[in-house]
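The next block holds one structure in the form of structure tokens; read it before the comments.
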């Protein structure tokens, strides 16, 4: 792992550990990451760890955005490429590519999943007043996984509801109506 990459991961890990977060009851903390030049955020309470990219074991007949699985200390963790899930251009994974390991809650319980992103960015404290609802883009564009949009330092952060975003990836094939 490159020194700059490790330094970046270390500073985010410190933020996750609470060393740099602002203690304000009205603020929720979000880990942000970059994909295709846009910044996205996930609730920091769902983040279990951040890992550098490593090869995964592919799973036959899985959707294109499900890269495979890894064994993380005895737990089999599915890895989802958010670029592919969001239909963004495919890029070669580089030294800044990371997997954010998340605790995701579904109706039938909690699961551990990983998402591949271009790079980790920062940790922000946002209040509900800072966020605007996702725009209505019609029936053809699903935005139910967007918790809100927030302006931070002259840029827009798309705050994701990671549970809603990944829920469909954990349904059984019969629930997804997959034809073999």
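The values are calculated or read from the model by the stated rules, or taken from the named source; none is laboratory data. Nothing here was measured: the structure is a model prediction, and the numbers come from that model. In this analysis, Cβ positions are derived from the backbone assuming ideal geometry, glycine residues included, and neighbour counts consider all displayed protein chains.
Some observations on this one:
- Matching residues in the stretch 29-62 - criterion: being surrounded by 15 or more Cβ atoms within 10 Å (Cβ to Cβ) and outside any strand (DSSP E or B): 44, 46, 53, 56, 62
- Residue satisfying condition, being out of contact with any helix residue (DSSP H, G or I) (no Cβ under 6 Å at 6 or more places or on another chain), within 18 Å of residue 43 (Cα to Cα) and modelled with pLDDT of 95 or more, within set 101, 69: 101
- Residue selection: residue 117 satisfies the criterion of being at pLDDT 95 or above, closer than 17 Å to residue 44 by Cβ and surrounded by 15 or more Cβ atoms within 10 Å (Cβ to Cβ).
- The stretch 90-114, residues that are within 19 Å of residue 68 (Cα to Cα) and assigned to a loop (DSSP other than H, G, I, E, B): 90, 91, 92, 93, 94, 97
- Test: residue in the stretch 146-168 that is over 20 Å from residue 33 (Cβ atoms), at pLDDT below 85 and surrounded by fewer than 18 Cβ atoms within 10 Å (Cβ to Cβ): yes
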